[in-house]
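**Q** Supplied in structure tokens, the structure appears directly below.
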Amino acid sequence: MPNSKTMSTWTSGREQGTNVFHICGYSQHRSTAAGEKKKTILSSTFSVGGHNWAVLFHPDGWSSGDEIVAGLVLTTRRVKVRASYELQLVDRSTGLSVSVHKETPRCFHFDAKDHRSFISFFMKKRSLFESPAYLRDDCLTMECTVTVIKEPRRTETKSLAKIQVPRSDLSGHYAKLWEDKVGVDVTLSAGGEEFAAHKVVLAARSPVFRAQLYGPMRETGTEPISIEDVQPAVFRELLHFIYTDSLPPLDHLKADDRTDLIRHLLVAADRYGMERLSLMCQSILCENLCAETVATTFALADQHQCDVLKDACLEFITCSTAMDAVKNTQGYKNLKRTCPPDVVEAFEKTSRFRKA
């Protein structure tokens, strides 16, 4: 089932910048005479988030003489900006910064009515700013970090890239290896016909071959290895399955010949402990049950403990009215001659149950 995946993003953008502000000759900016106008110190403008800012500093405060006023001012006109900031004092001996004020996000804007920008300010004790750690050689250094919060933005929905992975071609590589006889190291003989193969592949696919080729009872120096009671055509298909994990097309065979080959292949699969091949053969035989084949297939299933296939044969008889035709087949005659009486009785009992 095709599965498409798309993506969109909701982002709340932020941009941050830091300005270092040195106030040299700090004492000269203090008001000394009574009634003298208090001085305002403003840093040069700096840009963060596409807007201009400046640090505001009143060394004499606005009212009380023991407080200092500092803050941030937006100098860009005709805009509204949401931002936060942090002011830090720099220790002149270590170069480390200590935060003295953090301002949560708020709106900065230019007031067109009185042509003044919005100012965010705070007041702190003078003793903090004039501490020997920060005020040294009549110089004070501050750092102001401004974080501009931009308008949220949503991207358009787009499809994620998909990389198509081809089907596994491992079986094709192994088949080519076998076909070209590259690196073959063992010869097997079935019915007088010899087949070249790779020991490690045979051992990986069949526990019987593993024991025969690498087990303690292996026959060393004996080649070709004789494969008893397996026809060459059947053994060829067995090797094909070992290398490709599949059966070749059998369309060139007549129906009876194809069924006969599958039966022999089932026997070989059972002998060499290849369960998947056995199930594939059982599936084919099950799909092709008919009055002519059901008795022979039943006998084969009973002999090789293929219980599911055996039950399928009994079910076929149960659902069929062709028992008389089945009894006239050679397969049924062979069944009565080769199978134990209780097996034949089970087969015929099923037929009698159907008639009842």
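The values are calculated or read from the model by the stated rules, or taken from the named source; none is laboratory data. Only a predicted model underlies this, so the values are computations on that prediction, with no experimental measurement involved. Cβ sites come from the backbone with ideal geometry, for glycine too, and all protein chains shown count toward neighbours.
**Q** Limited to the range 285-304, what total is found for residues that are farther than 13 Å from LEU335 by Cα and either touching a residue at least 24 places away in the same chain (Cβ under 8 Å) or small (Gly, Ala, Ser) (or both)? Spell out the reasoning first.
**A** If we filter the range 285-304 for residues that are farther than 13 Å from LEU335 by Cα, which is where we start, we get 285-291, 304.
Checking which are either touching a residue at least 24 places away in the same chain (Cβ under 8 Å) or small (Gly, Ala, Ser) (or both) leaves us with 285-286, 288-289, 291, 304.
Residues in the range 285-304 being farther than 13 Å from LEU335 by Cα and either touching a residue at least 24 places away in the same chain (Cβ under 8 Å) or small (Gly, Ala, Ser) (or both): 6 in total.
**Q** Got at least one residue in the range 271-278 being under 21 Å from ALA175 (Cβ atoms), crowded, with 16+ Cβ neighbours inside 10 Å and in contact (Cβ under 8 Å) with a residue 40 or more places away in the chain?
**A** Yes, the range 271-278 has at least one match.
**Q** Kindly indicate whether LEU289 is within 52 Å of the chain's Cα centre (by Cα), surrounded by 15 or more Cβ atoms within 10 Å (Cβ to Cβ), at pLDDT 85 or above and not in a loop (DSSP other than H, G, I, E, B).
**A** On the way: within 52 Å of the chain's Cα centre (by Cα): yes; surrounded by 15 or more Cβ atoms within 10 Å (Cβ to Cβ): yes; at pLDDT 85 or above: yes; not in a loop (DSSP other than H, G, I, E, B): no.
No.
**Q** Tell me the residue from ASP270, ASP302, ASP256 that is of a type in the set (Asp, Glu), touching a Ser or Thr at 6+ places or on another chain (Cβ under 8 Å) and in a helix (DSSP H, G or I), please.
**A** ASP270
**Q** To continue, here is another question. All but one of (1) of a type outside the set (S, T, N, Q); (2) surrounded by 15 or more Cβ atoms within 10 Å (Cβ to Cβ); (3) under 22 Å from HIS264 (Cα atoms); (4) modelled with pLDDT of 70 or more hold for ARG337; which doesn't?
**A** With respect to (1) of a type outside the set (S, T, N, Q); (2) surrounded by 15 or more Cβ atoms within 10 Å (Cβ to Cβ); (3) under 22 Å from HIS264 (Cα atoms); (4) modelled with pLDDT of 70 or more, ARG337 is out only on (2).
**Q** Just the residues that are surrounded by 13 or more Cβ atoms within 10 Å (Cβ to Cβ) and among the small types (Gly, Ala, Ser), please, taken from the range 175-214.
**A** Matches in the range 175-214: ALA175, SER189, ALA190, GLY191, ALA196, ALA197, ALA203, SER206, ALA211.
**Q** Next up: LYS102 is checked against (1) among the basic types (Lys, Arg); (2) touching a helix residue (DSSP H, G or I) at 6+ places or on another chain (Cβ under 6 Å); (3) at pLDDT 90 or above and fails just one. What number does that condition carry?
**A** Status for LYS102: all satisfied but (2).
**Q** Consider ASP260 carefully, then state whether it is without any contact (Cβ under 8 Å) to a residue 24 or more places away in the chain, among the acidic types (Asp, Glu) and within 17 Å of VAL230 (Cβ to Cβ). It would help to see each step written out before you state the result.
**A** Values: without any contact (Cβ under 8 Å) to a residue 24 or more places away in the chain: yes; among the acidic types (Asp, Glu): yes; within 17 Å of VAL230 (Cβ to Cβ): yes.
Against the criterion (without any contact (Cβ under 8 Å) to a residue 24 or more places away in the chain, among the acidic types (Asp, Glu) and within 17 Å of VAL230 (Cβ to Cβ)), ASP260 qualifies.
**Q** Any idea how many residues of the range 144-177 are farther than 15 Å from LYS5 by Cβ, assigned to a strand (DSSP E or B) and not basic (Lys, Arg)?
**A** Residues meeting the conditions: 6.
**Q** What residue, of THR145, THR157, is under 30 Å from PHE57 (Cα atoms) and among the hydroxyl-bearing types (Ser, Thr, Tyr)?
**A** Values: THR157 fails: under 30 Å from PHE57 (Cα atoms).
After applying the criteria, what remains is THR145.
**Q** Look at the range 132-179 and say how many of its residues are among the aromatic types (Phe, Trp, Tyr) and touching a Ser or Thr at 6+ places or on another chain (Cβ under 7 Å). Before you say what the answer is, go through the steps one by one.
**A** Quick first cut of the range 132-179, residues among the aromatic types (Phe, Trp, Tyr) only: 134, 174, 178.
So of that shortlist, the ones also touching a Ser or Thr at 6+ places or on another chain (Cβ under 7 Å) come out as 174.
Within the range 132-179, residues that are among the aromatic types (Phe, Trp, Tyr) and touching a Ser or Thr at 6+ places or on another chain (Cβ under 7 Å) number 1.
**Q** A further question follows. Just to check your reading of the model, which residue among LYS176, LYS158 is over 30 Å from GLU86 (Cβ atoms), basic (Lys, Arg), out of contact with any Pro (no Cβ under 7 Å at 6 or more places or on another chain) and at pLDDT 90 or above?
**A** Values: LYS158 fails: at pLDDT 90 or above.
The match here is LYS176.
**Q** Next question, about the same structure. For the subset of the range 182-234 comprising residues that are part of a loop (DSSP other than H, G, I, E, B) and touching a Ser or Thr at 6+ places or on another chain (Cβ under 7 Å), which member is nearest to SER278 (Cα to Cα)?
**A** Kept after step one, since they are part of a loop (DSSP other than H, G, I, E, B), are these residues of the range 182-234: 182-185, 191-192, 198, 206, 215-224, 228-231.
This time we only want the ones that are touching a Ser or Thr at 6+ places or on another chain (Cβ under 7 Å), so: 223-224.
On the way: GLU223: 28, PRO224: 26 Å.
Ranking the qualifying residues of the range 182-234, first place goes to PRO224.
**Q** Please specify each residue of the range 210-242 satisfying the condition of being among the aromatic types (Phe, Trp, Tyr) and at pLDDT below 95.
**A** We begin by selecting, within the range 210-242, every residue among the aromatic types (Phe, Trp, Tyr); these are 214, 235, 241.
Matches in the range 210-242: TYR214 only.
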